[in-house]
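The values are calculated or read from the model by the stated rules, or taken from the named source; none is laboratory data. In this text, all values refer to a predicted model and were calculated from it rather than measured experimentally. Heads up, the Cβs are rebuilt from the backbone with ideal geometry, glycines too, and the neighbour counts pull from every protein chain shown. All accessible areas refer to the heavy atoms of the entire protein, side chains included, with ligands and DNA or RNA removed. Shrake-Rupley method; radii C 1.70, N 1.55, O 1.52, S 1.80 Å.
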Amino acid sequence: MMYGHTGKILHVDLTAQRVAVERPGEAFYRAYLGGSAMGAYYLLRNTPAGADPLGPDNTLSLMLGPLTGASFSGQSRAAATAKSPETHLVGDAQIGGFWPAELRFAGFDGIVIRGKAEDPVYVWIHDGQAELRDASHLWGHVTADVEDAIREELSDPRIRVIQCGPAAENGVRFGALIGDANRAAGRTGMGTVMASKNLKAIAVRGTERPTAADPAAVRALARWGAEQFEDSGIYNMGLHGTASVVLPQNRDGGLPTRNWSSGFFEQAEAISGERMSGTILKRRETCFGCVVRCKREVEVVAADYTVSPRYGGPEYETIATMGPYCGVSNLEAIARANQLCNMYGMDTIACGATIAWAMDCYEHGLIDADDTDGLELRFGNEKAMLTLVEHIGQRQGFGRLLGEGSSRAAHTLGVGEDLVVAVKNHELPAHMPQVKRSLALIYAVNPFGADHQSHEHDGSYQFYPQRMAELDLRDPQPPDSLNAEKARYSLYTQWFYSCLDSVCVCQFVFGPSWQLYGPSQLVDAVQAVTGWNVSLWEFMKVGERRLNLLRAFNAREGVASEVDKLPAKLMKPLRGGASDGIAVDLDEVEQAQVLYYEMAGWDDHGRPRRPKLHELGLHWLADEL
């Protein structure tokens, strides 16, 4: 008997209109654990090299981890994997909320989706059964309306829905997967992949709870987390959400402002988590079984903007990209932009960053009102920002071009390429490598583009020595260094975060520094649920295996180190605040990159070597490459 996992993977062939159940052996689960590693496995196995990311040959998977549905915090997560329409490389995104746990209760560890339906459909999964149902009447509708319609159609208000929105249906490259109308697997265009398959939604409902190998140990971990929460590094995030970092980031000169021209925003207090808590916050929401309650639900009833708590509230990244990136200081306008993105199903980071790029072009005189449908795209023009969010979601006018993302928009217009802030056509999140140097390295080398949750940020090496020592990191380096030890720190913490995305847990609850549970407690949790005698070393190998799978996918697509490049704008000195005059040192990054490749066991171009793939048990992949 398997504990934790159900032992069943659902396969959906949309072209043939068939569903089937795979029952992998325990060794398969032990090698990949779940989440992103398992998704990468199915992507490489089922998607041919050179496949069109918006064609029927692309494989979209949604995978859970061994802890999903257990009774402690941070476990209700799912990973989405496919070839990305943004980067044409591997795509990866995570989502929380209630849908992941409900899929486990419905009897499955993951879903593998192939082909394309002739007409729109949705998948209905309930207590071990799955079927395809017509979704023609749902196509074109915003996310909350679709969720309500499915629940009414199936006569169950407790059904959980993950879906693509109208933006993805309209071909916006950064279409997100939206769950519960307010949670997003936002990055790399996974919603657009779903829409390209004429798959509108996946609805799930289940009544079977997973069985743990050691229920008493699970209860003890849950109890410990609840007792330690108020004294942990995550407590303030529960109080004020992820937006609790707005003011610290700004203080340190690390809040990207006016398309990364500065790290300091003069009106940061007006958009802070503390300001949100005291003004528009209606309630704190949670993911299934989590004590943190970091999710915001906000409400605005005003003449200018109306915001419904049904669509949640802005996270830090959304506040930054729709706020300081664009020079906007009106929290209500930012909340409205967040609602529009959740309604239409768009990645708030890519959307806000692309609008900020357009504003930068306008400010530099590279485009004018004739290009922008008459909009005056000055930094700080919140009404223009909101108009563009809606036009992008609807693919109208200038919004049609911006729906391609900033890199493609710059290429099409032939202007502003030096103002783009993206890696691999993937817009940067709101954490600045000018003040956290290891981010420069990881942003460059990360397989699916710049990502702030793919390793531990610099300051943690100094401030959390006990947990860092669990990863054999014992020589703290200052945040403004990028030497050999910092490269090792980047790689080791990247392996650990890669494991977190495969165990599929929240990186605010489990992690190697300020989080509620540390690395050894992740081991304890998986042992308690699965009964496996796992170790932290084994987990690091799973993380390394997943990272090599992602890099191997890109190598199979014919690209390697030539796309591991940072945007030119990061090399320009910042203006204002604590980071005034600071820029990324390109020579320093390139030297660290060489070391990183060598430490990872890759060749000079960042491609996994055959011996490394064999060491990780990826013989089949070594032969294919």
Inset, instruction - Give me a count of the residues in the stretch 448-458 that are more than 19 Å from Met540 (Cα to Cα) and open to solvent by less than 10 Å² (accessible area, probe 1.4 Å). - result: 4
Legend entry - Selection from the stretch 70-95 of residues that are open to solvent by less than 10 Å² (accessible area, probe 1.4 Å) and within 16 Å of Val161 (Cα to Cα): Ser76, Ala78, Ala79, Ala80, Ile95
Inset, instruction - Considering only the stretch 51-155, give the strands (runs of 3 or more DSSP E) lying wholly within it that have at least 3 residues that are among the aliphatic types (A, V, I, L, M) and within 30 Å of Ala222 (Cα to Cα). - result: 78-83
Inset, instruction - Give me a count of the residues in the stretch 188-212 that are of a type outside the set (Gly, Ala, Ser), open to solvent by 10 Å² or more (accessible area, probe 1.4 Å) and in contact with a Ser or Thr (Cβ under 9 Å, 6 or more places away or on another chain). - result: 3
Legend entry - Every residue from the stretch 598-608 that is without any contact (Cβ under 8 Å) to a residue 60 or more places away in the chain and not charged (D, E, K, R): Gly601, Trp602, His605
Legend entry - Enumeration of residues in the stretch 253-275 that are in a helix (DSSP H, G or I) and in contact (Cβ under 8 Å) with a residue 24 or more places away in the chain: Ala268, Ala270, Ile271, Gly273, Glu274, Arg275
Legend entry - Test set (1) in contact with a Gly (Cβ under 8 Å, 6 or more places away or on another chain); (2) within 14 Å of Leu331 (Cα to Cα); (3) open to solvent by 70 Å² or more (accessible area, probe 1.4 Å); (4) of a type outside the set (Asp, Glu) - Arg293 fails condition number: (2)
Inset, instruction - Identify all residues within the stretch 30-80 that are without any contact (Cβ under 8 Å) to a residue 60 or more places away in the chain and of a type outside the set (Gly, Ala, Ser); write none if there are none. - result: Arg45, Thr47, Pro48, Asp52, Asp57, Thr59
Legend entry - Residues located in the stretch 584-625, provided they are aromatic (Phe, Trp, Tyr) and closer than 30 Å to Leu574 by Cα: Tyr596, Tyr597
Legend entry - Residue that is farthest from Asp252 (Cα to Cα), among those in the stretch 428-442 that are open to solvent by less than 20 Å² (accessible area, probe 1.4 Å) and in contact with a Lys or Arg (Cβ under 9 Å, 6 or more places away or on another chain): Leu441
Legend entry - Count of residues meeting criterion [out of contact with any Asp or Glu (no Cβ under 7 Å at 6 or more places or on another chain) and open to solvent by 30 Å² or more (accessible area, probe 1.4 Å)] in the stretch 155-168: 3
Inset, instruction - With the checklist (1) in a helix (DSSP H, G or I); (2) in contact with a His (Cβ under 8 Å, 6 or more places away or on another chain) in hand, flag the one item Asn250 doesn't pass. - result: (2)
Inset, instruction - For the stretch 539-554, enumerate the residues that are hydrophobic (A, V, I, L, M, F, W, C) and crowded, with 22+ Cβ neighbours inside 10 Å. - result: Phe539, Val542, Leu547, Leu549, Leu550, Ala552, Phe553
Inset, instruction - Can you tell me which residue within the stretch 572-625, out of those that are among the hydrophobic types (A, V, I, L, M, F, W, C) and part of a loop (DSSP other than H, G, I, E, B), is surrounded by the fewest Cβ atoms within 10 Å (Cβ to Cβ)? - result: Ala583
Legend entry - Selection from the stretch 498-533 of residues that are farther than 25 Å from Glu227 by Cα and either buried (at least 24 other Cβ atoms within 10 Å of the Cβ) or free of Cβ contacts under 8 Å to residues at least 24 places away in the same chain (or both): Ser498, Cys499, Asp501, Ser502, Asn533
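Conditions tested, residue by residue: (1) part of a loop (DSSP other than H, G, I, E, B); (2) open to solvent by 40 Å² or more (accessible area, probe 1.4 Å).
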residue: Val172; (1), (2): yes, no
residue: Trp224; (1), (2): no, yes
residue: Leu239; (1), (2): no, yes
residue: Val246; (1), (2): no, no
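Matching residues to (1) crowded, with 20+ Cβ neighbours inside 10 Å; (2) in contact (Cβ under 8 Å) with a residue 12 or more places away in the chain; (3) hydrophobic (A, V, I, L, M, F, W, C); (4) within 25 Å of Ser520 (Cβ to Cβ):
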| residue | (1), (2), (3), (4) |
| --- | --- |
| Glu382 | yes, yes, no, no |
| Ala409 | yes, yes, yes, no |
| Gly416 | yes, yes, no, no |
| Asn446 | yes, yes, no, no |
| Tyr461 | yes, yes, no, yes |
| Ala469 | no, no, yes, yes |
| Lys486 | yes, yes, no, yes |
| Tyr492 | yes, yes, no, yes |
Inset, instruction - Could you check, for the stretch 388-406, whether at least one of its residues is over 28 Å from Val589 (Cβ atoms), touching a Phe, Trp or Tyr at 6+ places or on another chain (Cβ under 9 Å) and either in a loop (DSSP other than H, G, I, E, B) or of a type in the set (Gly, Ala, Ser) (or both)? - result: yes
Inset, instruction - Please enumerate the residues belonging to the stretch 98-115 that are of a type in the set (D, E, K, R) and open to solvent by 10 Å² or more (accessible area, probe 1.4 Å). - result: Glu102, Arg114
Inset, instruction - All but one of (1) of a type in the set (Lys, Arg); (2) within 24 Å of Gln94 (Cα to Cα); (3) surrounded by fewer than 24 Cβ atoms within 10 Å (Cβ to Cβ) hold for Lys424, so report the exception by its number. - result: (3)
Inset, instruction - Among the candidates Gly171, Gly189, Gly206, Gly254, single out the residue that is modelled with pLDDT of 95 or more, touching an Asp or Glu at 6+ places or on another chain (Cβ under 8 Å) and closer than 30 Å to Arg378 by Cα. - result: Gly189
Inset, instruction - Tell me which residues, restricted to the stretch 307-341, are of a type in the set (Phe, Trp, Tyr) and under 18 Å from His240 (Cβ atoms). - result: Tyr316
